[in-house]
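To start, the structure itself, in structure tokens.
The values are calculated or read from the model by the stated rules, or taken from the named source; none is laboratory data. All of these numbers come straight from a predicted model, not from anything done at the bench. Virtual Cβ from ideal backbone geometry, glycine too; neighbours counted across all protein chains shown. For accessibility, only protein heavy atoms count, side chains too; no ligands or nucleic acids. Shrake-Rupley method; radii C 1.70, N 1.55, O 1.52, S 1.80 Å.
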Amino acid sequence: MGRGVLALLALIVFASFYSPAPALAADEVKIAIIVPLSGRWARQGELYKAGSEMAVDEINEQGGIKALGGAKLVLVPADAGDSVQKATSAAQRVLNRGKITAAQGSWLSSFTLGATEVSERLGIPWLTLSWSDKITERGFKYVFQSSSVSSQLAEQGVAQAVALGGEVGKTIQRVALVGDNTAAIVSYFNSSCL
């Protein structure tokens, strides 16, 4: 839960710099969370949502956002579903409702790439734990990535495989990688092959 609280606090700080003044004077601060709540990644989305709810509850129980006069955090969940199109549509629906201070999600990097196109266009800060290098390589002003990117993970993974081989007296010459074709995995594979 500590990581969730940190992520939400970081999102609030980003939002305070990028949101217009009227949003900061509100009694509540609405944070959209766009994650898969249906389809094959629903379990991961539900866990992401549950962790966010725990963080919000903890912050609110401790008096809310003190810098905003005790404003309470409110999560506004939206279902990213099981495709980039559904994630993008969910972002359009929830972020266009108005009064959303910031957003987070979308679990899969492919979904995040689509959803952040919407948040960037609307000027709504977005914090993600998704891994694809492309998320921040686009130079968006309102998108923030708090996790390691795929290229860093690939570099570390290859070094770890070589080190493990060395520990058992084997020289690693080739490594087989198996995965899907989502944005984070594609970035990982492209970086691993360099």
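Against the list (1) under 19 Å from G39 (Cα atoms); (2) open to solvent by 70 Å² or more (accessible area, probe 1.4 Å), the condition R97 fails is (1).
Looking only at residues of the stretch 27-49 that are open to solvent by 40 Å² or more (accessible area, probe 1.4 Å) and in a helix (DSSP H, G or I), we find that the one that is farthest from L127 (Cα to Cα) is R43. The residue that is nearest to Q104 (Cα to Cα), counting only those in the stretch 52-86 that are in a strand (DSSP E or B) and open to solvent by 40 Å² or more (accessible area, probe 1.4 Å), is P77.
Okay, residues lined up against (1) touching a strand residue (DSSP E or B) at 6+ places or on another chain (Cβ under 6 Å); (2) under 18 Å from S83 (Cβ atoms); (3) open to solvent by 40 Å² or more (accessible area, probe 1.4 Å):
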position: T112; (1), (2), (3): yes, yes, no
position: V118; (1), (2), (3): no, yes, no
position: S130; (1), (2), (3): no, yes, no
position: R138; (1), (2), (3): no, no, yes
position: S147; (1), (2), (3): no, no, no
position: A154; (1), (2), (3): no, no, no
position: A159; (1), (2), (3): no, no, yes
position: A163; (1), (2), (3): no, no, yes
position: N190; (1), (2), (3): no, no, yes
